[in-house]
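The block underneath contains the structure these notes are about, expressed in structure tokens.
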Amino acid sequence: MQTIIDDIAAQMALVPNKGTVASYIPQLASVNPDQFAISIALTNGEVYHAGCAHTLFSIQSVSKVFTLTLALGKLGERVWQRVGREPSGDPFNSIVQLEHEHGKPRNPFINAGAIAIADAIMQGHQPKETLAEIIQFVRFLANDDSIAIDEKVARSELETGDRNASLAHFMASFGHFKNPVDAVLGTYFHHCSIAMNTQQLATAGLFLANNGINPHTGYAVVSPNRAKRINSLMLMCGHYDGSGEFAFRVGLPGKSGVGGGILVIAPGKASIAVWSPGLDAIGNSKLGTHALEILAQKTGWSIFGE
């Protein structure tokens, strides 16, 4: 496995077009696009890394996997009264479907859906209390108490988040919010600004590769059935309007973020995290997707067969 990912990292270093960093969030616009990292955490406890696997980055929308998991723990199946379970086929920050579908987001991984999930998690609490719960949960999954929010990125998002604010107010106009819009947005922007490295992120996702159980602690984070369903949503909706292309090329459940990170699950085998901040036209890591496609080919881990 180490030989495989060392070879992948070497190949990525030679790719001339590494994509474009997310310029609409000023703090992300300054990140060096030449960086690449990959970490693989196997369900048997083995962990492998290549590239800058200890460099922290903003996980952005990858955090939506963890907030969805929390929301399901709090609300159970009532979550689906707040968000749907269908692919969007539209950009991650589109308002078009919200109007057609009366303010109910198509799935929990587009921006509108994740904002609705943040509202569901809050349950009347203040943003600081909710964020403390989210951070504690991510630390627990990653077995690492050093994980924190990058406040500079959070401020940058707050200052440039007009589109997300529009989505939130539009949903609130249909009576879907139970908390003040500004409080929900603050929670959402901050959980997207969690900083992790690929080693931490791969470890945090292991419960989804192991029937809902964290193999390091033996603790059941979710039921096997719920882990299966979260993975299915990641496969269908985890890369926005590029989810079909990702499934075609990689064949594994995954969730991307505009910080350049991707968390991928090989059920029963491994949790994989890649990071390269240069994005493709849709907003997914260009090198990260390419690396995962090679990894799936070399390991035969695609859920659709070797």
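The values are calculated or read from the model by the stated rules, or taken from the named source; none is laboratory data. Please read these numbers as outputs of a predicted model, since none were measured by experiment. Note that each Cβ is placed from the backbone with ideal geometry, even for glycine, and that neighbours are counted across all protein chains shown. What goes into the accessible areas is simple: the full protein's heavy atoms, side chains included, and nothing from ligands, DNA or RNA. Shrake-Rupley method; radii C 1.70, N 1.55, O 1.52, S 1.80 Å.
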Sequence of 52, 192 from largest to smallest accessible area, 1.4 Å probe
52, 192
Once 216, 190, 54 are ranked on solvent-accessible area with the largest value leading and a 1.4 Å probe, the list reads 54, 216, 190
So what are the ³J(HN,Hα) numbers for region 67-82, from phi and the Karplus equation (6.51, -1.76, 1.60; θ = phi - 60°), rounded to whole Hz, Gly and Pro as x?
5, 4, 4, 5, 4, 5, x, 7, 10, x, 5, 5, 3, 6, 6, 9
Separation of region 166-206 and region 277-306 by C-alpha centroid, Å?
26 Å
Distance in nm between label sites at residue 225 and residue 101, each 7 Å beyond Cα in the beta-carbon direction?
2.4 nm
Contact order relative to length for the chain, counting C-alpha pairs under 8 Å separated by 6 or more residues, stands in percent at 27 percent
Placing each pseudo-label 7 Å from Cα in the direction of the beta carbon, residue 14 and residue 30 end up separated by a distance in nanometres of 3.5 nm
Spin-label model distance (nm) - residue 44 vs residue 160, 7 Å beyond Cα toward Cβ
4.4 nm
Once 88, 166 are ranked on solvent-accessible area with the largest value leading and a 1.4 Å probe, the list reads 166, 88
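Can you give the longest stretch of the chain with no exposed loop site, where a site means trypsin sites (Lys or Arg not before Pro) in a DSSP loop (not H, G, I, E or B) with at most 15 other C-beta atoms within 10 Å?
With a cap of 15 other Cβ atoms within 10 Å, the longest stretch comes to 179-306.
Quote the relative contact order of region 1-115 in percent (integer), defining contacts as alpha-carbon pairs under 8 Å separated by 6+ residues.
Numbers: 101 pairs, mean separation 20.7, N = 115.
Relative contact order, region 1-115: 18 percent.
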Gap separating the Cα centres of region 93-112 and region 234-276, nearest whole Å
21 Å
List the residues whose amide H sits under 5 Å from the amide H of residue 36, counting only those 5 or more places along or on another chain, with H placed 1.01 Å from N in the peptide plane.
52
Quick one: accessible surface of residue 34, probe radius 1.4 Å, all protein chains present, in square angstrom to the nearest 10.
100 Å²
Step through the residues of region 154-166 one at a time and calculate ³J(HN,Hα) from phi using the Karplus curve (6.51 cos²θ - 1.76 cosθ + 1.60, θ = phi - 60°), rounding each to whole Hz and writing x for Gly and Pro.
4, 5, 4, 5, 4, 6, 10, x, 4, 5, 5, 4, 4
So how much slack lies between residue 54 and residue 217, counting 0.36 nm per residue of separation and subtracting their Cα-Cα distance, in nm?
56.4 nm
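Note down the relative contact order for region 129-279 as a percent, whole number, built from C-alpha pairs under 8 angstrom at least six residues apart. Provide the component values of the computation, followed by the final result.
Details: 200 pairs, mean separation 30.6, N = 151.
Averaging sequence separation for qualifying contacts and normalising by length gives 20 percent for region 129-279.
Can you count the Lys pairs in region 14-130 whose Cα atoms are under 22 Å apart, with each pair 8 or more apart or on different chains?
Working: 64/74; 64/104; 64/128; 74/104; 74/128.
Summing the qualifying lysine pairs gives 5.
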For residue 1, the accessible surface traced by a 1.4 Å probe with all protein chains present amounts, in square angstrom to the nearest 10, to 60 Å²
Ignoring ligands and nucleic acids, what accessible area does residue 198 show with a 1.4 Å probe (Å², nearest 10)?
0 Å²
Starting at the first residue of region 32-42, write each ³J(HN,Hα) from the Karplus equation 6.51 cos²θ - 1.76 cosθ + 1.60 with θ = phi - 60°, in whole Hz, x for Gly and Pro.
5, x, 7, 7, 8, 8, 9, 9, 10, 10, 7
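Taking R0 as 51 Å, what's the FRET efficiency between residue 80 and residue 151 from their Cβ-Cβ distance, rounded to 0.05? Intermediate values should be presented prior to the final figure.
Numbers: r = 33 Å, r/R0 = 0.65.
After rounding to 0.05, the efficiency reads 0.95.
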